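Working notes, structure below.
No value in this document is a laboratory result; all are computed from the given coordinates. Computed from a prediction, not measured in an experiment: that's the story for all the values here. As a convention, Cβ positions derive from the backbone with ideal geometry for all residues, glycine included, and neighbour counts pool all protein chains shown.
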Amino acid sequence: MQGDAIVTHLEEAVRGGMKFQNLLEKAVELIHECDENFHWTGIYELYPDGMLRLGPFIGAPTDHVFIGVGEGVCGTAVKEEKNQNIPDVMAIENYLACSTQTRSELVVLIRDEKMIYAQVDLDSHIVDAFAGDVEGEVQKVADFLAKQYRARASQKRAA
């Protein structure tokens, strides 16, 4: 996966005036296309009420449109304030199954030094699908998106 190439593409989209929601959709699309073993890719946004709400995604529909902090891999990432790379989801107790075929999951926080805005969630039907530099490459995209969330929040405050 090439995080730098995705960020370059997203930077061009921002310069071209792409709306924020479309930017999130494009980020999901570009990450998802990086690897045939990425079977589900989405963004969950963290709301002030402590709920993660599903945003744009590619893959099978999920019943997990809302996830509380501390619930499942996504909620654990927020609670612990750190990314989660789960090589085999069958080995953890609090896994929320979006698909019975999912075997590994990667959650990368979209955050800055002050707050968590959202997260990129990747599922695969392959055990240990996110080994190597996958997390670091997704983190590059997440860091770019964090800057966009921060800019969006600043614009809302100024309005």
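Assigning unit charges at the beta carbon (Lys, Arg +1; Asp, Glu -1) and nothing else, what dipole magnitude in debye, to the nearest 20, does the chain show about its Cα centre? Please list the in-between numbers first.
Numbers: 15 positive and 26 negative charges, 193 e Å.
So the magnitude is around 920 debye.
Given region 3-158, report the % of alpha carbon pairs whose separation exceeds 20 Å.
Percent of Cα pairs beyond 20 Å in region 3-158: 45.
At 1.002 mPa s and 20 °C, plugging the Kirkwood radius over alpha-carbon pairs of region 17-95 into Stokes-Einstein gives what diffusion coefficient in µm²/s?
D = 156 µm²/s.
So what is the calculated 222 nm ellipticity per residue for the chain, using -39500 (n - 2.57) for each DSSP H run with n of 4 or more, over all residues, to the nearest 500 deg cm²/dmol?
-12500 deg cm²/dmol
Holding the Cα-Cα limit at 18 Å, pick out from LYS82/LYS140; LYS19/LYS114; LYS82/LYS114; LYS19/LYS79; LYS26/LYS82 the pairs that are longer than that.
Beyond 18 Å between Cα atoms: LYS19/LYS114; LYS19/LYS79; LYS26/LYS82.
For region 100-157, count all C-alpha to C-alpha pairs, find those more than 15 Å apart, and express that count as a whole percent of the total. Write down the numbers at each step before the final one.
Working: 887 of 1653 pairs.
For region 100-157, the share of Cα pairs beyond 15 Å comes to 54 percent.
Zone of LYS79 (label point 7 Å along Cα→Cβ, backbone N under 19 Å): which residues in region 26-63?
44-54
Excluding same-chain residues fewer than 8 positions from LYS147, which aspartates and glutamates have a Cα within less than 20 Å of its Cα?
Excluding near neighbours in sequence, the set is ASP4, GLU11, GLU12, GLU25, GLU29, GLU45, GLU81, ASP112, GLU113, ASP121, GLU135, GLU137.
Work out the length of the dipole vector of region 86-138 about its Cα centre, built from +1 on the beta-carbon of each Lys and Arg and -1 on the beta-carbon of each Asp and Glu, and round it to the nearest 20 debye.
160
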